[in-house]
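Here is the structure we will look at.
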Amino acid sequence: MSFLGDKPVHRIGFGAMQLAGPGVFGPPADPDAARAVLRRAIELGVDHIDTSQYYGPDVVNELIREALHPYPDNLRLVTKVGAERDAEGGWNAAAEPHQLKAAVHENLRSLGVERMDLVNLRRFERDNPDVQEPALEDQLAALAELRDAGDIDLIGVSSVRPQTVRVAIDLVGIGEVQNPFSILDRSDAPVLELCREHGVSFVPYFPLGSAFGGGGPRALAADPQVSAVAEKHRVTPSQVALAWLLAQYDRLLLIPGTSSVAHLEQNMAVIDIELDADDLKALEGVQPVQVGH
Ligand SMILES: NC(=O)c1ccc[n+]([C@@H]2O[C@H](COP(=O)([O-])OP(=O)(O)OC[C@H]3O[C@@H](n4cnc5c(N)ncnc54)[C@H](OP(=O)(O)O)[C@@H]3O)[C@@H](O)[C@H]2O)c1
């Protein structure tokens, strides 16, 4: 077990983004199969699901509600706000304080809950440093108001630079940081280090290198060090990549995304993989790969 903020959770949760249609837009080809993945996740002990109303939009939250409501008492539902979709599936910022508040309420509605366990403020500063964003202080204040009102338990930050993590810790206290991080892309190691220093949960997105196009798992399978460790433990390269993440920090929580029950089962089995010092040393040599977002 580990912690999401102050909430005990298993170290391996589930990222629900892959359950929407192509481009995280519209419904999946087989909604029954998507609901079956969610139900199997709960059977396997998942107690932490990462989602957003803007996946679909609404599609993924509705699949979660249809498959799992009434929710198990121990299930932690986490969302993110700060963006919205246009009619063609494009992603636009929707990050003014009033838009953040409206988005939290959209999540409560589509998930059918009265309170979110955690809401991440999704920023654009990490990937688009030139973009004009609303003042961080105002955004955090809006979420803190909703926390005071009982709509949110914990506030998190996502896709952020280290300075934003520091400010958010000081101003509102945070339950998680959610940034991209994997054995293929360790560029946010300083953010992970900051989480370690402050005891904040770190929840990497793109834990297999990329959500889009299956590029991450392919790059992992092509890497000689990852393949050698996988062969030694009789597991897959993707499982090695997830086990490597777990070994980085005891408050690192996984939310691998999959639309497949077989992959879900492999991802949950990672908890039993014990990488030794030789494995970790060999894996330090894995070459970074730009697999595209
Ligand atoms: N805060 C943010 O801005 C942000 C951005 C992106 C994602 N996220 C969250 O982070 C979660 C995780 O990231 P992700 O899903 O985007 O990326 P990811 O876990 O790095 O990669 C998902 C890809 O890997 C495949 N996959 C999953 N398990 C596998 C396995 N055991 N073997 C081989 N392939 C496997 C999936 O395909 P299959 O469906 O075929 O398994 C999918 O193509 C998301 O679901 C979402 O909740 C947050």
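The values are calculated or read from the model by the stated rules, or taken from the named source; none is laboratory data. Computed from a predicted structure; not experimentally measured. Cβ coordinates were reconstructed from backbone atoms using ideal geometry, including for glycine residues, and neighbour counts include every protein chain displayed. Accessible surface areas use protein heavy atoms only, side chains included; no ligands, DNA or RNA. Shrake-Rupley method; radii C 1.70, N 1.55, O 1.52, S 1.80 Å.
Taking the chain as the reference, fit the longest principal axis to its C-alpha atoms, fit the long axis of helix 97-111 to the helix C-alpha atoms, and give the angle between the two in degrees, 0 to 90, nearest 10. Approximately 70 degrees, to the nearest 10. When the Cα positions of Ser52, Ala282, Thr164 are compared along the charge dipole of the chain, Ala282 comes out farthest toward the positive end, with charges on each C-beta of Lys, Arg, Asp and Glu.
For the chain, carbon and sulfur atoms together expose 50% of the accessible surface, with a 1.4 angstrom probe and every protein chain in place. A Förster radius of 25 Å, combined with the Cβ-Cβ distance separating Glu114 from Arg39, puts the computed FRET efficiency at roughly 0.65.
Magnitude of the charge dipole for the chain, about its Cα centre and with charges confined to Cβ atoms of Lys, Arg (+1) and Asp, Glu (-1), is about 360 debye.
Other residues within the sphere of radius under 13 Å centred on the Cβ of Ala282, judged by their own Cβ, net out at -4 (K and R +1, D and E -1). Across Trp91, Trp244, the residue with the most accessible area heads the list, and the full order at a 1.4 Å probe is Trp91, Trp244.
So what's the angle, to the nearest 10 degrees on a 0 to 90 scale, between helix 31-43 and the longest Cα principal axis of the chain? Approximately 70 degrees, to the nearest ten. In the assembled protein chains, Asp32 presents an accessible area of approximately 100 Å² (probe radius 1.4 Å). Leaving out same-chain residues fewer than 8 places away, which aspartates and glutamates sit with a Cα under 15 Å from that of Lys232? Straight-line reach from Lys232, under 15 Å: Asp223, Asp272, Glu274, Asp276, Asp278, Asp279. In this simple spin-label approximation, Lys232 and Ala144 carry label points 7 Å from Cα along the Cα→Cβ vector, and these lie 4.8 nm apart.
Amide H contacts of Gly257 (H built 1.01 Å from N, in plane; Pro and chain starts excluded): Gly15 sit under 5 Å, all sequence-distant by 5 or more or on other chains. Taking the longest Cα principal axis of the chain as reference, the axis of helix 224-233 is set at about 80 degrees.
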